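K.L.:
Submitted below is the structure of interest, expressed as C-alpha cells.
Nothing in this text is a laboratory measurement; each read-out follows from the coordinates by a stated rule. Just so it is clear, the model here is predicted, and its values are computed rather than measured. With ideal geometry, Cβ positions are generated from the backbone for all residues, glycine too; neighbour counts draw on all protein chains shown.
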Amino acid sequence: MRIEVTRSGGFAGMRRSWSVQPKGPDEHRWCRLLDACPWDEAEESRPGAVGSPGADRFVYAIETPEHSITLPESSLVGPWRELVEWVQASDGG
Amino acid sequence: MTHFIVPPHLLRRIAALDEESAGPAPTAARRALREIDDLHRFRVAAAKEPTVRPRSAVAARSPGLLAPSRRISDAQCTESLPGVLVRAEGQDPTGDPAVDEAYEHLGDTYRYFAEVHGRDSMDGLGMPLPATVHYGVRYENAFWDGTRMVFGDGDGVIFNRFTASLSVVAHELVHGMTQFVTQLSYHGQAGAIHESVSDVFGALVEQYSRSQTAGQAHWLIGAELFTPRVSGAAIRSMAAPGTAYDDERLGRDPQPATMDGYLDTEEDSGGVHLNSGIPNHAFYRAAVALGGYVWEHVGRVWYDTVTVADLPSDCSFSLFAEATRTAAERRFGSGSAVTSAVEQAWDEVGVRLPGRSQVLS
C-alpha cells in the first residue's frame, strides 16, 4: 500500500509531495486512519470546496490504492488533517 | 504626477530638427511629445469619468478624507482567526516585526491606491484592512481568506516571515480588491488572471513606494521571502518568469513566460500560480516598452480593466487581453503609444487579440 500527499498552491505555488508505504504491524494503524476519512462525503462536496472563497491557500491531493481526492486547505480538519500530518511526518516532515 | 523637464514648445522645435545633424534628439523629442499627448488625453478622460466605481449605493468618502483603517491581529501561532487585535489604526509600533511590517506595508498599499487611483480601500468605500500575523506554527504561506489577509512566520529554513515583503502584503490586499470588483473565479485562466493582477499591483505598490521607473525596478515578487540558504532571488519574476529560483530542494521556478509554455494542470487550482507568469510578463513588456513610472500608464490600464471592465467569471487570457486594449484605448486613445505597447506585449507572449493574427512591426 502506498499513500501519497501532494500539496500545491499557496502564495509561492510550489508543489511538494510526501509518501509512505506502511508494512507489517503499521499497516493496520494506517488502514484505520484511512477508514476514518469521509471519502464519499468529500467527493460529493469537492467542486464547491475547491472553489471556496479566498486566494493563495494550499490545495492537497491524496492518493491511495482505493481513493483519490483533492481538498482545499480549509477542509483539512479531523481525520484528513491527521492523515496528511502522519504522511508528512513519516516522510521527513 | 508626471513632470517633463523640457517644455513642450522646445520639444516641438527639437522634434523638427534634421536627424543627421542633431543625432537622436529629434526622435527622443517626438517620443516625449507623444507621451505628453497621451497624458493629456488621460487627464481629459480622468476628468470626465471618476476612477473609482463604487459598487454599492453607499456614498464614498471625499478624496480629502482618504485614510486607511488598519487592524492587525495576532493568531499567536494557532490557526484560529482572527486572533487577538494588537495594533489598530493610529496606534504606536508594537516592536513585533511581523505586526509592524503588516501595518506599514498595508499603509503603503492603501496609499498607492488612494494617491494613484483615488481608491478608498479594497471596496472603494473605505472598508477596514484586517490582517492576522503569526498564523500557525512555522507556517510557510500567506493568503486571503475571503475577509482578511493572513501571514505565516515561515519555516525559517526556506521561508522568512511573509510580512517581510511589501509585494507579498500588497498581493494579498489586491486579492481582496479583485474579489470586490470582479466575478473572476479562482481556477484556470481566470484564476491565473486573479493571481497576475495581485502580482502586477504588488510590483506597482513597491515601485511607487520607492519612486522607481520601469527600468529601475527589479520586477520580482517576494524578493524578501527566501532565507540565504535558498538559491533564488524571489518567488516570481515578471521580467523573466521561470528564472526566479533554481534550488536543489525547491527545484526550478516553473512559471512560463509565454503561451508556448502554458501548463495544463489540475494542481494549484488549475495552475493559477504557474500560468500567471504569462499575463505578468505581458504587463512587464508593455511597461518597459513605455518606460517611466509604470503607474502612470500601463498600471492605469490594468486598474481600469479590473475595476471597470465586466470580466466574466471564466475570463480567458484572450478576453482579458482584449479588455486591457479597450481600457488603453479609452484612457489614452486608439493608436496611442500606450495602446500599441499593450497590443504588442500580448502578441509577444502569444496571447492573440481579436483582429491581430500577425506580429506587429
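K.L.:
Go through region B:138-170 and give me each residue that's touching a Leu at 6+ places or on another chain (Cβ under 6 Å) and of a type in the set (Ser, Thr, Tyr).
P.N.:
B:Ser165
K.L.:
Being surrounded by fewer than 18 Cβ atoms within 10 Å (Cβ to Cβ) and small (Gly, Ala, Ser) is the filter here, so list the residues in region B:115-125 that pass it.
P.N.:
The one that is surrounded by fewer than 18 Cβ atoms within 10 Å (Cβ to Cβ) and small (Gly, Ala, Ser): B:Gly118.
K.L.:
Okay, next question. Any idea which residue in region B:126-144 is nearest to B:Val157 (Cα to Cα), counting only those that are surrounded by fewer than 18 Cβ atoms within 10 Å (Cβ to Cβ) and either touching a Pro at 6+ places or on another chain (Cβ under 6 Å) or within 14 Å of chain A (Cβ to nearest Cβ) (or both)?
P.N.:
B:Arg138
K.L.:
Just checking, how many residues over region B:206-222 are closer than 19 Å to B:His273 by Cβ, touching a helix residue (DSSP H, G or I) at 6+ places or on another chain (Cβ under 7 Å) and among the aliphatic types (A, V, I, L, M)?
P.N.:
Qualifying residue count, region B:206-222: 1.
K.L.:
Taking region B:247-272 as the region of interest, how many residues are at positive phi and either loosely packed, with under 14 Cβ neighbours inside 10 Å or without any contact (Cβ under 8 Å) to a residue 24 or more places away in the chain (or both)?
P.N.:
Taking region B:247-272 as the starting set, the residues that turn out to be at positive phi are B:251, B:268-271.
If we keep only those that are either loosely packed, with under 14 Cβ neighbours inside 10 Å or without any contact (Cβ under 8 Å) to a residue 24 or more places away in the chain (or both) too, we end up with B:251, B:268.
Here the count works out to 2.
K.L.:
Counting residues that are in contact with a helix residue (DSSP H, G or I) (Cβ under 9 Å, 6 or more places away or on another chain), hydrophobic (A, V, I, L, M, F, W, C) and over 30 Å from B:Val157 (Cα atoms), which helices (runs of 4 or more DSSP H) fully inside region B:227-343 reach at least 1?
P.N.:
B:277-290, B:298-307, B:317-332
K.L.:
Filter region B:289-304 for residues that are farther than 18 Å from B:Ala239 by Cα and buried (at least 24 other Cβ atoms within 10 Å of the Cβ) and give the result.
P.N.:
Those that are farther than 18 Å from B:Ala239 by Cα and buried (at least 24 other Cβ atoms within 10 Å of the Cβ): B:Val301, B:Tyr303.
K.L.:
Still on this structure: Check B:Ala223, B:Ala309, B:Ala239, B:Ala244 and return the single one that is surrounded by fewer than 22 Cβ atoms within 10 Å (Cβ to Cβ), within 14 Å of chain A (Cβ to nearest Cβ) and aliphatic (A, V, I, L, M).
P.N.:
Among B:Ala223, B:Ala309, B:Ala239, B:Ala244, only B:Ala223 is surrounded by fewer than 22 Cβ atoms within 10 Å (Cβ to Cβ), within 14 Å of chain A (Cβ to nearest Cβ) and aliphatic (A, V, I, L, M).
K.L.:
Then there's this: State whether one or more residues within region B:187-204 are among the aromatic types (Phe, Trp, Tyr) and at the interface with chain A (Cβ under 10 Å from one of its Cβ atoms).
P.N.:
Step one: of region B:187-204, the residues among the aromatic types (Phe, Trp, Tyr) are B:201.
With the extra rule that they be at the interface with chain A (Cβ under 10 Å from one of its Cβ atoms), the set shrinks to none.
No, region B:187-204 has no match at all.
K.L.:
Let me ask something additional. All but one of (1) touching a Gly at 6+ places or on another chain (Cβ under 7 Å); (2) surrounded by fewer than 24 Cβ atoms within 10 Å (Cβ to Cβ); (3) under 28 Å from B:Thr78 (Cα atoms) hold for B:Val157; which doesn't?
P.N.:
Among (1) touching a Gly at 6+ places or on another chain (Cβ under 7 Å); (2) surrounded by fewer than 24 Cβ atoms within 10 Å (Cβ to Cβ); (3) under 28 Å from B:Thr78 (Cα atoms), the lone unmet condition for B:Val157 is (1).
K.L.:
Contact list please: Cβ distance under 8 Å, first residue in region B:318-334 and within 11 Å of B:Pro354 (Cβ to Cβ), second residue aromatic (Phe, Trp, Tyr) and buried (at least 23 other Cβ atoms within 10 Å of the Cβ), pairs at least six apart or on different chains.
P.N.:
Matching pairs, first to second residue: B:Ala321/B:Trp346; B:Arg325/B:Trp346.
K.L.:
I've got another one for you. Restrict the check to region B:153-160 and report whether at least one residue is away from every other protein chain (no Cβ under 12 Å) and among the charged types (D, E, K, R).
P.N.:
yes
K.L.:
Let me ask you something else. Six or more apart or on different chains, Cβ under 9 Å: which pairs go from a residue in region A:74-93 that's under 23 Å from A:Ala55 (Cα atoms) to one that's of a type in the set (Lys, Arg)? Could you list them?
P.N.:
A:Ser74/A:Arg57; A:Val84/A:Arg7
K.L.:
When the residues of region B:161-186 are filtered to those that are more than 14 Å from the chain's Cα centre (by Cα) and facing chain A (nearest Cβ under 9 Å), which remaining residue is nearest to B:Arg249 (Cα to Cα)?
P.N.:
B:Phe162
K.L.:
Contact list please: Cβ distance under 6 Å, first residue in region A:13-34 and small (Gly, Ala, Ser), second residue loosely packed, with under 13 Cβ neighbours inside 10 Å and part of a helix (DSSP H, G or I), pairs at least six apart or on different chains.
P.N.:
Partner pairs satisfying both residue conditions: none exist.
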